Ligand code: IPM
Ligand code: MG
């Protein structure tokens, strides 16, 4: 029987409780579709610091290296120990470190507003049009997040902080290919986001994306400045199919897009490296963060974590049927009226407010 090895790193805040629901659902697909998941859990983030003194303990990294994919919860608790050095904080020492270590340059964030959640979208019905369905393709290992120099230094009168935005032609080309290929499987349109009117990076980005796009004559390419992109998302989100963004712009616009799809608690993501042979190592996480205010209270929405597990089955293991079954089960649970607090509105007929565990059960029942 086909066996896939997964490193399950739940992390901090709501991580453990949403991870539990995702594993529950994965286990059901295992029996139903006939494959085996060899799943090992390990601490990361503050949980890693507590267990082994580091946000990414050596044993956790070793487990990741021996696995086919990482299913990740979330890390970082803003209120814990502000004195810890910046470089040791979980966001940098675990999350960004893993992205770089495994070369996870392509971040896919599918934003979909299901019909049944129209009420949870902050936009009017008119602006929602026939439905919002956007894939944000975010470059994840370049730009301002990793460019050097990156430092804070003392100067007369205070300090100076420097981050460097840097992209090379090959870095832009490879993420552009990901976007064009993804568009071919969708509505065949790429909107490339940049700031070419001000930034050197933006000019190069636009040139390279345009040139790469010539290899995809069947895909419509459009360029948009990032400030306009932020506005267009709110005014007419249905114009977007694939949004291609550099690291920082993608970070910002994907949160904005997720809010349009009802809640950050609904947004899964896949971070992919280079495919070698048939295998694509991937890192799968909900984009919503640790939400410490609701952690441990059975209030968190587990759907982003569950949908991230579906992306893992599809992109790293090629288990398309099982992935589609999870996605359909999530849709069913929503259509049936199951709502965690973030997607609940009191006036909605047939909607029932439930907890994290109960939402996991509802999805599991629909598999
Ligand atoms: C995300 C998050 C991270 C990022 C943080 C937690 C470092 O906001 O994955 O979008 O900025 O990439
Ligand atoms: Mg973000």
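Structure notes:
- Failed criterion for residue 269 (all others in (1) within 25 Å of residue 187 (Cβ to Cβ); (2) in the same structural domain as residue 344 (by TED's automatic domain parsing); (3) within 15 Å of ligand 1 (Cβ to nearest atom); (4) in contact with a helix residue (DSSP H, G or I) (Cβ under 6 Å, 6 or more places away or on another chain) hold): (4)
- Of the residues making up the stretch 259-269, those that are within 14 Å of ligand 2 (Cβ to nearest atom) and either free of Cβ contacts under 8 Å to residues at least 60 places away in the same chain or outside any loop (DSSP other than H, G, I, E, B) (or both) are 259, 264, 265, 268, 269.
- As a summary of the residue check, residue 147 satisfies the conditions (1) closer than 23 Å to residue 226 by Cα; (2) touching a residue at least 60 places away in the same chain (Cβ under 8 Å) except for the one numbered (2).
- Assessment of the stretch 126-137 against the conditions (free of Cβ contacts under 8 Å to residues at least 60 places away in the same chain, over 14 Å from residue 247 (Cβ atoms) and exposed (fewer than 13 other Cβ atoms within 10 Å of the Cβ)) yields at least one matching residue.
- Comparison of 360, 341, 289, 355 shows that the only residue that is modelled with pLDDT under 95 and either surrounded by fewer than 24 Cβ atoms within 10 Å (Cβ to Cβ) or in contact with a helix residue (DSSP H, G or I) (Cβ under 8 Å, 6 or more places away or on another chain) (or both) is 289.
- Residue count, the stretch 259-269 (criterion: surrounded by fewer than 24 Cβ atoms within 10 Å (Cβ to Cβ) and modelled with pLDDT of 95 or more): 0
- In this structure, residue 141 does not satisfy being surrounded by fewer than 17 Cβ atoms within 10 Å (Cβ to Cβ) and not assigned by TED's automatic domain parsing to the domain that holds residue 327.
- Matching residues in the stretch 244-258 - criterion: being buried (at least 19 other Cβ atoms within 10 Å of the Cβ) and either away from ligand 2 (no atom under 16 Å from the Cβ) or over 25 Å from residue 70 (Cα atoms) (or both): 244
- Per-region count, the stretch 305-344, residues within 22 Å of residue 118 (Cβ to Cβ), in a helix (DSSP H, G or I) and in contact (Cβ under 8 Å) with a residue 40 or more places away in the chain: 9
- Boolean, residue 291 is under 19 Å from residue 91 (Cα atoms), more than 13 Å from the chain's Cα centre (by Cα) and away from ligand 2 (no atom under 15 Å from the Cβ): no
- Enumeration of residues in the stretch 112-149 that are out of contact with any helix residue (DSSP H, G or I) (no Cβ under 6 Å at 6 or more places or on another chain), part of a loop (DSSP other than H, G, I, E, B) and farther than 20 Å from residue 252 by Cα: 124, 130, 131, 148, 149
- Qualifying residue in the stretch 274-282 (condition: modelled with pLDDT of 95 or more, in contact with a strand residue (DSSP E or B) (Cβ under 8 Å, 6 or more places away or on another chain), within 16 Å of ligand 1 (Cβ to nearest atom) and under 30 Å from residue 44 (Cα atoms)): yes
- Of all the listed residues (296, 229), the sole one being on the phi > 0 side of the Ramachandran plot and away from ligand 2 (no atom under 15 Å from the Cβ) is 296.
- Against the numbered list (1) closer than 30 Å to residue 331 by Cβ; (2) surrounded by fewer than 23 Cβ atoms within 10 Å (Cβ to Cβ); (3) at pLDDT 95 or above; (4) away from ligand 2 (no atom under 16 Å from the Cβ), residue 71 comes up short only at (2).
The values are calculated or read from the model by the stated rules, or taken from the named source; none is laboratory data. Everything numeric in this text was worked out from a predicted model, so none of it was measured. Cβ atoms come from the backbone with ideal geometry, glycine included; neighbour counts cover every protein chain shown.
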